[in-house]
Amino acid sequence: MIMKGQSMKIVVLIKQVPDTAEERTLVPATGWLDRDAADNVVDEINERALEVALRVKDADKSTEVVVLAMGPDEATKAIRKALSMGADSGIHVLDGGLAGSDAARTAAVLAAALRGTSADVILAGNESTDGRGGVVPAMIAEHLGLPLVGGLNAVELVGAAGSGKVSGERSGDSGSLQVTAALPAVVTVTERTAEARFPNFKGILTAKRKPVATLTLADLDVAVTVAHAVVVSHSERPAREAGRKIEDDGTAGTQLASYLFENRLV
């Protein structure tokens, strides 16, 4: 990550998700992800996006890094974690009417919240670990009329809005691509960017004093519509069955080959 020229304002989109190291389940009544069944953490890919922003700030202390999250009260912990890592301030979109919002609704609300930030760069992960849709950043770019520079493995930021640009490397089917766009822009990063730093003791203490603004739907210029994900039906994953045991009586190889062919494993 290299940043040159005048200082910039970077807004990083973060999301609180159930820890991927734990078992994830659905709420039977709604079919939505049960966020109380596991510890909730900042999505790792969002932490990598934040690391990109913080490295810009390391090179130029005048850089302002803001984190933006949409979610329930619990999401405040994710914002505070990001602040302890080095972000300057946070914005929390908190409204009960947003529970279960689909990707289109989420993108519209986040775009409305971003309009008032005057961000030079909007950074995000390429997809969340709880949804895997990977479409929200593109939708936000469409709402804001900004270029989307998505799926970057490495990022370079130069200058600021009006005179700056973002460039980076994106993996393709037949190799890598070098892409560039003028700022302001929406940028997403992949898991090939640098791992996020750990908060230090000073960061944890100062995070408590950093400002976090709370926005509701009433504060945002966005149409009040209901756009919730609807799960028609769902069922629990079947219990894992015991494996087939092959006794080697001289035909073990044949039995194994037959098993692989029967189960379309070869």
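Values in this text are rule-based calculations from the coordinates and carry no lab data. Just so we're clear, the structure is a prediction, and the values are computed from it rather than from any experiment. All Cβ positions, glycine included, derive from the backbone under ideal geometry; neighbour counts span all protein chains shown.
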Subset of the stretch 174-212 that is closer than 20 Å to Ser89 by Cα, assigned to a loop (DSSP other than H, G, I, E, B) and not hydrophobic (A, V, I, L, M, F, W, C) - its residue that is nearest to the chain's Cα centre (by Cα): Arg197
Residues of the stretch 87-121 satisfying the condition of being in contact with a Ser or Thr (Cβ under 9 Å, 6 or more places away or on another chain) and part of a strand (DSSP E or B): Gly90, Ile91, His92, Val93
Top-ranked residue in the stretch 97-136 [being within 18 Å of Asn153 (Cα to Cα) and over 10 Å from the mean Cα position of the chain (by Cα); ranked as surrounded by the fewest Cβ atoms within 10 Å (Cβ to Cβ)]: Val135
Index of the failed condition, Leu220 passing every other in (1) buried (at least 16 other Cβ atoms within 10 Å of the Cβ); (2) over 30 Å from Asp60 (Cα atoms); (3) free of Cβ contacts under 8 Å to residues at least 24 places away in the same chain: (3)
Any pair with Cβ under 9 angstrom, 6 or more apart, that starts in the stretch 95-109 at a residue that is at positive phi and ends at one that is assigned to a strand (DSSP E or B) and surrounded by fewer than 17 Cβ atoms within 10 Å (Cβ to Cβ): Gly100/His228
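Please note which strands (runs of 3 or more DSSP E) are completely contained in the stretch 1-63 and include at least 3 residues that are touching a residue at least 24 places away in the same chain (Cβ under 8 Å) and surrounded by 14 or more Cβ atoms within 10 Å (Cβ to Cβ).
On the way: elements: 2-4, 9-13, 16-18, 40-42.
Fully inside the stretch 1-63 and qualifying: 9-13, 16-18, 40-42.
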